[in-house]
Amino acid sequence: MNSIDPNRLHNFSAGPGTLPLAVLESVCEELPVFAQTGSSVMEISHRSPEYIQIEASARERITSLLGLSQDWHILFLGGGASMQFHQVPLNFLPHDGQAGYLLTGSWAKKAHAEADQIGKGRMIASSADSGFNYIPDPSLWDLSSDDVYVHYTSNNTIYGTQFQSTPDVDSPLVCDASSDFLSRPIELDRYGLIYAGAQKNIGPAGVTVILIRDDFLDTRKNSLPTMLDYGTHAAKCFNTPPVFAVYIVEKVLDWLQDQGGISGIQKINHQKASLLYSTIDQSEFYKGTAEKTSRSEMNVTFRLHQEDLEPVFIHEAAKHGLLALKGHRSVGGMRASIYNACTLDSVKVLVDFMKDFEKRNG
């Protein structure tokens, strides 16, 4: 039970994902009046000392969690990660140049398509031949020293795959880390830019966090549209940011530090994923859809051997308080999104239900 609502259930939504209960309770307490402002945080100026402190605190927490140096800018922008699909090549891909793209799912494909509108988005590797159920073997990648950057999606929410290590390439890496940001450590020295929609691991929908290294920022093109120029936002707060979303992100970052930081949450995430995958692997009733060496610790995708039972599974799971387990409409099946704020207890409840469902229907 909790002080918000005793009817709050186990949420496995792929995004917007579940938020820490402690954060929601804190927001409830502060919502009518924030600090000593006399109004809610949604009603104060984004240039007020109170909001400036919120953003400063969020940046300090990200810096501390990741061990960022002063060479990195931290931006809070609107438009979602999908905006970055276009904004990245707009800033960094010359019309007569090329960038490498690793195609491991729908979002990576969309990013690649946007690059082709600007210059040449060169496909380095793809797992489309097997329905994106694996990460391509690095030994088979078509790398080129002429790529101004290499773009990849670190975790693929639809297909349940995840890069198990940082791509080893000579060009600066650009990463869409939307669905595993701050769930595990990042080898920062390999990256030029990292972007992540907040609504999976670190906050609500409405804000995208962009980390951009100063020397990579300096390589951007001239005469860019003001709002789409990363330099505009790195220099100052140019326009009204997503105030309420950033406010919640700051609280989630505080919560994350209380979990032991990234190393602490990584251990919890591994426990959750191991428990769920072992349940699938020990059964002949369930089957995972991603290759074992490419499995995601954020989105666990699986099917039933009797696929006609899948709607029954999803319906009964909902009756047992297990929400949003239906797989993406493009692939079907089931998907349990177990982002940072999804608790180990919720995964245990899911596993117990899966075992009971198999006993009754296997």
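The values are calculated or read from the model by the stated rules, or taken from the named source; none is laboratory data. The structure displayed is predicted, hence computed values, not measured ones. Cβ sites come from the backbone with ideal geometry, for glycine too, and all protein chains shown count toward neighbours. With ligands, DNA and RNA removed, areas are computed over all heavy atoms of the protein, side chains included. Shrake-Rupley method; radii C 1.70, N 1.55, O 1.52, S 1.80 Å.
Quick look at the numbers
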read-out	value
Residue that is least open to solvent (accessible area, probe 1.4 Å), among those in the stretch 240-254 that are of a type in the set (A, V, I, L, M, F, W, C) and more than 17 Å from the chain's Cα centre (by Cα)	243
Flag for residue 160 being under 22 Å from residue 185 (Cα atoms), among the small types (Gly, Ala, Ser) and within 21 Å of the chain's Cα centre (by Cα)	yes
Test for residue 296: is it more than 17 Å from residue 87 (Cβ to Cβ), open to solvent by less than 40 Å² (accessible area, probe 1.4 Å) and of a type outside the set (A, V, I, L, M)	yes
Test: residue 129 is open to solvent by 30 Å² or more (accessible area, probe 1.4 Å), of a type outside the set (A, V, I, L, M, F, W, C) and closer than 27 Å to residue 337 by Cβ	yes
Any hit, the stretch 262-280, residues being under 20 Å from the mean Cα position of the chain (by Cα), in contact (Cβ under 8 Å) with a residue 24 or more places away in the chain and part of a strand (DSSP E or B)	no
When residues of the stretch 139-163 are limited to those that are more than 25 Å from residue 331 (Cβ to Cβ) and not polar (S, T, N, Q), the one most open to solvent (accessible area, probe 1.4 Å)	146
Test: residue in the stretch 8-20 that is under 30 Å from residue 320 (Cα atoms), modelled with pLDDT under 95 and of a type in the set (Lys, Arg)	yes
Residue list for the stretch 75-88, filter: in contact with a strand residue (DSSP E or B) (Cβ under 6 Å, 6 or more places away or on another chain) and surrounded by fewer than 20 Cβ atoms within 10 Å (Cβ to Cβ)	75, 80
Filtered residue count, the stretch 192-221, keeping only those that are in a strand (DSSP E or B) and open to solvent by 10 Å² or more (accessible area, probe 1.4 Å)	1
Close pairs (9 angstrom Cβ cut-off, 6 or more residues apart or separate chains): free of Cβ contacts under 8 Å to residues at least 40 places away in the same chain and open to solvent by 10 Å² or more (accessible area, probe 1.4 Å) in the stretch 164-189, β-branched (Val, Ile, Thr) and outside any strand (DSSP E or B) anywhere	166/186; 187/166
Cross-chain or 6+ apart pairs with Cβ under 7 Å, the stretch 47-67 first and closer than 16 Å to residue 209 by Cα, then modelled with pLDDT of 95 or more and part of a loop (DSSP other than H, G, I, E, B)	62/68; 65/182; 66/186
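For every residue, the table says whether it meets (1) outside any helix (DSSP H, G or I); (2) closer than 23 Å to residue 226 by Cα; (3) free of Cβ contacts under 8 Å to residues at least 24 places away in the same chain.
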{"residue": "84", "(1), (2), (3)": "no, yes, no"}
{"residue": "87", "(1), (2), (3)": "no, yes, no"}
{"residue": "90", "(1), (2), (3)": "no, yes, no"}
{"residue": "94", "(1), (2), (3)": "yes, yes, no"}
{"residue": "101", "(1), (2), (3)": "yes, no, no"}
{"residue": "111", "(1), (2), (3)": "no, yes, no"}
{"residue": "125", "(1), (2), (3)": "yes, no, yes"}
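Per-residue answers, yes or no, for (1) surrounded by fewer than 21 Cβ atoms within 10 Å (Cβ to Cβ); (2) in a loop (DSSP other than H, G, I, E, B); (3) in contact with a strand residue (DSSP E or B) (Cβ under 7 Å, 6 or more places away or on another chain):
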| position | (1), (2), (3) |
| --- | --- |
| 301 | no, no, yes |
| 308 | yes, no, no |
| 312 | yes, no, no |
| 336 | no, no, yes |
| 341 | no, yes, no |
| 351 | yes, no, no |
